[in-house]
Structures are given as C-alpha cells and as structure tokens.
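Working notes for the structure below.
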Amino acid sequence: MDPAIHLGEHPIAEGYRLFAEREARHISALYTDWAEQVASDGPVLDLLAQLPQGKRQPNLVFAAARWHGAGENYDSFRTVMLQHWPQVRQTILARATQTNEAARCATLLPFLAELPQPLALLEVGAAAGLCLLPDHYSYRYDDGTHLDPAAGTSPVVIQTHLDPQVPAPAMPQVAWRAGIDLNPIDAADEDACAWLDTLVWPGQEERRARLRAALGIARRERPRIVAGDLVEALPDLAAQAPSDATLVVFHTAVLAYLDAPSRGRFTATVQDLPGHWISNEGQGVLPGIWEPVHDDGLFLLAVDGAPRALTNPHGKAVHALRR
Ligand SMILES: C[S@@+](CC[C@H](N)C(=O)[O-])C[C@H]1O[C@@H](n2cnc3c(N)ncnc32)[C@H](O)[C@@H]1O
C-alpha cells in the first residue's frame with residue numbers, strides 16, 4: 001500500500017495529501033502547505049464534499065480561493081473558504097482549470113525548422129493562441145543558439161535545454177496561422193486573462209511573467225481561434241490555409257482531454273490532410289506511436305506519427321529519444 005494513503009482517511013483528504021506530495025512539493029511551497037492542511041481540516045473538507053466530483057481538485061479550489069482574496073498563508077485560505085464559501089463555490093462551478101504555455105514553442109522549433117518554409121500553422125486546442133506565435137518570442141537554448149524575432153528581443157524570452165542529437169532550431173517563417181479550441185481565450189478579455197493568471201501556482205513566478213508578456217503579444221497580434229471541437233472543425237479550417245505554405249497541424253497538451261475514440265478520429269482526420277502533423281503530448285496519449293517504459297513525466301514529440309524527441313511539458317528541455 002502507498003504509505004501516503006492513510007488507512008480510513010476521507011477520499012478528499014487523501015487526494016489533497018497526494019497532491020501535496022506528488023504534484024506541489026517541488027513547485028509551490030504555498031500549495032503544498034494548503035493541501036497538507038486541508039487534508040486534516042474537517043470544516044473545509046465538509047465544504048469540498050458539497051462539490052461535484054470533478055470540481056474538487058486542489059488547483060481549481062485554490063485558484064478560486066485566491067480569486068476571492070486568499071493570500072500568503074493557510075489562515076487566509078481558510079478564512080476565505082469559511083466566510084465566503086457561496087462566492088468561492090460559484091467560481092469553482094463556473095470556471096475550469098486551463099493553461100496556455102508559450103514556452104512549449106521552444107520544443108517545436110527544431111522540428112518546424114526541418115519543414116519547407118513558409119509555414120501555415122494550425123493549432124488544435126490553442127487556448128489563447130500563445131503557441132501560434134512562435135516567431136514573436138526570443139529563444140535562449142543552452143547549446144548557444146539564440147533566436148530573436150526580426151524586430152529584436154521579445155518581451156518573452158524562453159530558456160530551453162537542447163540535447164545535441166536534436167535538430168538545430170531556427171526561427172520559423174509563418175505565412176498564416178489559426179487555431180481551434182472548445183473554449184478560446186480572448187487575450188483582450190481582462191477577466192479571462194486574470195483567471196488564467198490565477199491558475200498559475202504561487203511559486204511559478206517565471207511562468208506568470210511569461211504568461212503576462214505572451215498575452216500582451218497575443219492582444220496585439222490577435223491570432224484567429226475558431227470555437228469548436230478539434231475533430232469537427234479541423235478539415236474546414238485546414239482548407240483555408242494558403243496552398244503556397246506548408247500546412248503544419250500541431251497540438252501540445254491537448255489530446256489527453258479526448259476519449260480514445262475521439263483521439264482515433266482526430267488521428268485519422270489529420271493524417272488525411274496535406275502537409276505535416278506535430279504532436280507534443282504525454283507519452284502514451286497516442287497509442288501505437290510510442291510505448292512508454294516508465295512515467296518520467298516527459299512529453300513525446302512526434303512528427304507525422306514518428307517519435308522524434310522527449311520534451312519537458314513546460315518547454316524547458318528537448319531530449320533525444322531514449323528508452
Ligand atoms: C492544457 S490546454 C493547452 C493549451 C495549449 N495547447 C498549450 O500548450 O499551452 C488544453 C486546451 O485544449 C482545449 N481542448 C480540449 N478538448 C478539446 C476539443 N475536443 N476540441 C478543441 N479544444 C479542446 C482546451 O479548451 C484547452 O484550451
């Protein structure tokens with residue numbers, strides 16, 4: 001039995017204790033502390049038990065509490081939960097967890113660079129479209145490759161480790177870009193951006209600064225994001241790409257949200273399109289491409305269904321394939 005699971009413990013308490021140990025410990029001291037204390041806080045657990053199963057996860061609950069003023073310590077979290085529960089509950093029910101990580105572009109660049117330029121970028125699961133703007137960021141790879149947009153150093157500077165066996169990254173030439181998302185985020189919508197910001201954990205200040213700067217670029221560039229299901233909307237949007245650019249359909253951290261039949265339909269659809277397909281997803285998310293040996297938390301990057309690299313989920317590293 002897992003030593004973290006205490007005999008007879010309430011299932012919600014167990015979930016929070018595991019979240020503290022397995023997810024938060026190395027990232028956020030505040031969320032580790034909150035999750036550990038929630039696990040033995042009867043009145044707070046009673047409130048969480050009122051929520052539907054899918055709405056009890058710590059990152060959503062903690063973000064909602066911070067949205068309503070919870071601050072730097074457990075007392076402030078507890079006070080907000082107990083004194084403002086109707087508002088916190090409403091936020092939890094009305095909103096969802098969401099991310100958009102511009103740094104994932106650093107893992108795409110080596111593989112975009114291998115394709116004939118210019119590119120027509122089509123991202124499925126684009127959120128606010130931050131990964132559709134790879135040519136607007138600066139990159140500092142640790143092999144010494146430094147890339148900047150034509151206009152000079154970007155407000156978003158991405159630092160990434162690159163294994164020597166990985167193809168050389170280059171700044172892509174983007175002729176056209178568009179995305180699809182079930183819930184597109186408009187970078188000009190202050191409320192939506194503030195919620196996205198609140199979902200970044202305390203302790204991830206570098207991510208927060210990058211998110212704010214990238215949203216500023218998205219507000220200026222306004223990448224087109226079509227609202228819809230990625231399987232349904234893909235063929236029509238792909239047909240709008242200019243024929244004199246290389247179509248690249250790509251996705252990062254998206255397909256895990258689809259059930260197995262939908263993933264299969266997406267794979268069949270994307271393979272029917274002209275151009276290329278880059279997937280950057282948890283290992284095992286696309287069955288038949290790669291059998292993960294053990295869960296090291298890295299993503300598998302595949303081009304046209306062929307495994308090419310293992311990548312840090314937040315864009316911090318591109319590793320050569322290893323088993
Ligand atoms: C974890 S976010 C990743 C966003 C972005 N790709 C990135 O790497 O930063 C997953 C996104 O996929 C979208 N999504 C999930 N299922 C979808 C579907 N069936 N069709 C379109 N978008 C979907 C969600 O709305 C969300 O914006």
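The values are calculated or read from the model by the stated rules, or taken from the named source; none is laboratory data. Model, not experiment: these values are computed from the prediction. All Cβ positions, even for glycine, are placed from backbone atoms using ideal geometry, and neighbour counts span all protein chains on display.
For the reader, a short list of remarks on this structure follows.
- Selection of region 13-43 for residues being of a type in the set (Val, Ile, Thr) and either more than 21 Å from Gly203 (Cβ to Cβ) or modelled with pLDDT under 95 (or both) yields only Ile27.
Residue by residue, here is whether (1) touching a Gly at 6+ places or on another chain (Cβ under 6 Å); (2) over 17 Å from Glu123 (Cα atoms); (3) modelled with pLDDT of 95 or more holds:
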position	(1), (2), (3)
His251	yes, no, yes
Gly275	no, no, yes
Asn280	no, no, yes
Pro287	no, yes, no
Ala320	no, yes, no
Arg323	no, yes, no
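- Some residue of region 226-235 being more than 23 Å from Pro307 (Cβ to Cβ), within 13 Å of the ligand (Cβ to nearest atom) and either without any contact (Cβ under 8 Å) to a residue 12 or more places away in the chain or surrounded by 20 or more Cβ atoms within 10 Å (Cβ to Cβ) (or both): yes
- Unmet requirement for Ala106, which otherwise passes all of (1) farther than 30 Å from Pro223 by Cα; (2) within 16 Å of the ligand (Cβ to nearest atom); (3) not β-branched (Val, Ile, Thr): (1)
- Close pairs (7 angstrom Cβ cut-off, 6 or more residues apart or separate chains): free of Cβ contacts under 8 Å to residues at least 40 places away in the same chain in region 164-183, assigned to a loop (DSSP other than H, G, I, E, B) and within 16 Å of the ligand (Cβ to nearest atom) anywhere: none
- Condition met for Asp197 (farther than 18 Å from Cys105 by Cβ and touching a residue at least 40 places away in the same chain (Cβ under 8 Å)): no
- Checked against (1) loosely packed, with under 14 Cβ neighbours inside 10 Å; (2) under 16 Å from the mean Cα position of the chain (by Cα); (3) in contact (Cβ under 8 Å) with a residue 60 or more places away in the chain, Gly297 passes all but a single condition, namely (3).
- Subset of region 250-261 (residues that are within 11 Å of the ligand (Cβ to nearest atom) and of a type in the set (A, V, I, L, M, F, W, C)): Phe250, Ala253, Val254, Leu255, Ala256, Leu258
- The lone exception for Gly264 - which of (1) more than 11 Å from the ligand (Cβ to nearest atom); (2) in contact (Cβ under 8 Å) with a residue 60 or more places away in the chain; (3) surrounded by 13 or more Cβ atoms within 10 Å (Cβ to Cβ) it fails: (2)
- Residue check for Pro274: within 16 Å of the ligand (Cβ to nearest atom) and under 24 Å from Leu115 (Cα atoms): no
- Among the residues of region 169-185, those identified as surrounded by fewer than 16 Cβ atoms within 10 Å (Cβ to Cβ) and either under 18 Å from the mean Cα position of the chain (by Cα) or over 20 Å from Ala113 (Cβ atoms) (or both) are Leu182, Asn183.
- Single match in Arg95, Arg25, Arg78 (criterion: under 25 Å from Leu310 (Cβ atoms) and out of contact with any Gly (no Cβ under 8 Å at 6 or more places or on another chain)): Arg25
- Residue match in region 190-211 (condition: within 16 Å of the ligand (Cβ to nearest atom) and more than 30 Å from Asp33 (Cα to Cα)): no
- Every condition in (1) part of a loop (DSSP other than H, G, I, E, B); (2) farther than 30 Å from Asp46 by Cα; (3) within 16 Å of the ligand (Cβ to nearest atom) holds for Thr97 except the one numbered (2).
- Each residue in region 34-46 was checked for being in a helix (DSSP H, G or I) and either without any contact (Cβ under 8 Å) to a residue 12 or more places away in the chain or over 24 Å from the mean Cα position of the chain (by Cα) (or both), and 8 pass.
- Strands (runs of 3 or more DSSP E) fully within region 132-186 that include at least 2 residues being β-branched (Val, Ile, Thr): 157-162, 174-181.
- Scope region 227-247; condition within 21 Å of Arg104 (Cα to Cα) and in contact with a Pro (Cβ under 9 Å, 6 or more places away or on another chain); matching residues: Thr246, Leu247
- Restricting Val200, Val124, Val166, Val156 to residues that are crowded, with 20+ Cβ neighbours inside 10 Å and farther than 27 Å from Ala245 by Cα narrows the list to Val200.
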